1. Can you list residue pairs whose Cβ atoms sit under 7 Å apart, with the first residue in region 29-51 being surrounded by fewer than 16 Cβ atoms within 10 Å (Cβ to Cβ) and the second being modelled with pLDDT of 95 or more and β-branched (Val, Ile, Thr)? Count only pairs 6 or more apart in sequence or on different chains.
2. Considering region 62-84 alone, what residues qualify as being hydrophobic (A, V, I, L, M, F, W, C) and either more than 29 Å from Val42 (Cα to Cα) or outside any loop (DSSP other than H, G, I, E, B) (or both)?
3. Return yes or no: is Ala113 in contact (Cβ under 8 Å) with a residue 12 or more places away in the chain and of a type in the set (A, V, I, L, M, F, W, C)?
4. Looking at region 88-99, which of its residues are of a type outside the set (S, T, N, Q) and either at pLDDT below 95 or farther than 29 Å from His128 by Cβ (or both)?
5. Hey, could you check region 40-61 for residues that are outside any loop (DSSP other than H, G, I, E, B) and not aliphatic (A, V, I, L, M) and say which is farthest from Gly27 (Cα to Cα)?
Amino acid sequence: MNSSNEEQGGLTETDKRENVIRLAFRGNKAEYDAFCHAVEEVVPPGTTVILRGSAVTGSRWKDGAPFDADGPGTSDLDLTLVGDAPLAFFKATGFYVPGVHSRPLCDKDPDIAPDLVPLRNRLMDLVHRPVNIQASRELVIEFRGDLLGQPYLVLFEKPEGTLLSDVRPSA
C-alpha cells in the first residue's frame with residue numbers, strides 16, 4: 001500500500017486524514033478513533049482497513065459535488081477491508097470478482113455479509129450516515145489507488161496474530 005509521503009490524486013496521507021476527520025467525523029478525532037476501534041474489534045488479524053470516496057477526497061467522483069452536498073449525513077463512508085481473511089465474510093453471491101473483490105454491504109445488498117451487519121449498524125450509529133463495507137485483495141486496492149490515482153486512506157493495519165506453535169518456551 002502507499003507510503004505516507006506519496007500523493008494519490010494530489011492528496012498526501014495527512015491531507016486525506018484531515019479531510020476524513022473534518023468531513024465524516026465533524027472534526028471530532030475522538031469519534032474517528034471510536035470508529036476505528038469498532039472496526040478493529042471485528043476484523044480478522046492481517047486485515048488492512050481503508051476508507052475511499054468523497055470522505056477522503058472532499059468531492060464525489062461521479063459529478064464533483066462536495067461531500068454532503070445533499071445535506072448533513074447524506075454522503076456515505078466507503079470502508080474496505082483488505083486482505084484474504086475479510087473476503088470470508090461475504091457470501092458467494094456477494095462478489096464482483098469471486099474471492100477477489102466483493103460488492104459493498106449496503107442498504108441495497110443487506111444479505112451478502114450477514115456477520116458484518118452488526119458492525120455496519122454500529123458504525124452508522126456512530127457517524128449518523130450510511131456506511132458501506134467491502135472486502136478486496138490488496139491487488140485491487142493497489143490498482144485503483146496506486147495506478148488509477150483513486151485516493152484511499154489507510155485507517156489501520158491489524159497485525160497477524162501469533163500462533164501458539166510460533167511461541168518458543170524460554171530456556
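The values are calculated or read from the model by the stated rules, or taken from the named source; none is laboratory data. From a predicted model like this one, the values you see are computed outputs, not experimental measurements. Glycine also receives a Cβ, built like all others from the backbone with ideal geometry; neighbour counts cover every protein chain displayed.
1. Lys29/Ile21
2. Passing the criteria: Ala65, Ala69, Leu77, Leu79, Leu81, Val82.
3. Against the criterion (in contact (Cβ under 8 Å) with a residue 12 or more places away in the chain and of a type in the set (A, V, I, L, M, F, W, C)), Ala113 qualifies.
4. Hits for region 88-99 are Ala88, Ala92, Gly94, Phe95, Tyr96, Val97, Pro98, Gly99.
5. Checked region 40-61; the qualifying residue farthest from Gly27 (Cα to Cα) is Thr48.
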